[in-house]
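FYI, it's all coordinate maths here, none of it is from the lab. Predicted, not measured: the structure shown is a model, and the values here were computed from it. So basically every Cβ, Gly included, is an ideal-geometry build from the backbone, and we count neighbours across all protein chains shown.
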Amino acid sequence: QVELVESGGGLVQPGGSLRLSCAASGTIGSIVFMGWYRQAPGKQRELVATITTGGSTNYAYSVKGRFTISRDNAKNTVYLQMTSLKPEDTAVYSCKVMSRRLPALPPEEYWGQGTQVTVSS
């Protein structure tokens, strides 16, 4: 079983910063993908940022230049550094990890429980 534990959400003023963390534990195997998604009230979940094993990153247009995704492979942890936060960044942020327990098996998908980020004055 794989467990993802997120932390770092909270209330912040516009222009402020937050750093989210997502640590994976359990029978993880080989992680092939880590990413952050968010869902605002009344909206569909959207991709925020992703990072591959090799370190290649991808960002939603709305967060480019403000958010940075990184990972610590030794700790099976992915981070999301968020700066210049805007009210429209308010959402529940969830991490997603895909890992392969054995090389011959397809990767499995795991989600964190989500952490609330609220940007408001």
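Please compute the length gained on full extension between GLU46 and LEU102, using 0.36 nm multiplied by the number of residues separating them and subtracting their Cα-Cα distance.
Values: separation 56, 0.36 × 56 = 20.16 nm, distance 2.92 nm.
Full extension of this stretch gives 17.2 nm more.
Looking only at the chain, where both bridge partners belong to it, what percent of the DSSP beta bridges are antiparallel (to the nearest 5)? Kindly include the intermediate steps, with their values, before the conclusion.
Details: 43 of 46 bridges.
Given both bridge residues lie in the chain, the antiparallel proportion sits at roughly 95 percent.
Modelled spin-label separation between THR27 and LYS75, with each label point placed 7 Å from Cα along the Cα-to-Cβ direction: 2.6 nm.
Of the peptides 98-110, 46-58, the ranking by mean beta-carbon count within 10 Å, highest at the top, reads 46-58, 98-110. Placing +1 on each Lys and Arg Cβ and -1 on each Asp and Glu Cβ, with no other charges, gives the chain a dipole about its Cα centre of roughly 180 debye.
Report the full-extension gain for the segment SER62 to GLN39: residue separation times 0.36 nm, less the Cα-Cα distance, to one decimal in nm.
Details: separation 23, 0.36 × 23 = 8.28 nm, distance 1.38 nm.
That pair, SER62 and GLN39, stretches by 6.9 nm at full extension.
Multiplying the residue separation of LEU11 and SER120 by 0.36 nm and subtracting their alpha-carbon distance yields 38.5 nm.
How big is Rg to Rh over the stretch 1-66, alpha-carbon atoms, Rh as the Kirkwood inverse-mean-distance radius? Before the final figure, lay out the partial values.
Details: Rg = 13.8 Å, Rh = 13.9 Å.
Reported Rg/Rh, Kirkwood definition of Rh: 0.99.
Between the residues LEU11, SER84, MET34, the greatest Cα displacement towards the positive end of the dipole of the chain, with unit charges on the Cβ of Lys, Arg, Asp and Glu, is found for SER84.
Here the calculated FRET efficiency for THR53 and LYS86, from their Cβ-Cβ distance with R0 = 41 Å, stands at 0.85, rounded to the nearest 0.05. As a length-normalised measure over Cα pairs under 8 Å and 6 or more apart, the relative contact order of the chain settles at 36 percent. Hey, could you grab the Kirkwood Rh for the stretch 2-121? Inverse mean 1/r over distinct alpha carbon pairs, Å, one decimal. Mean inverse Cα-Cα distance, inverted, gives 14.5 Å.
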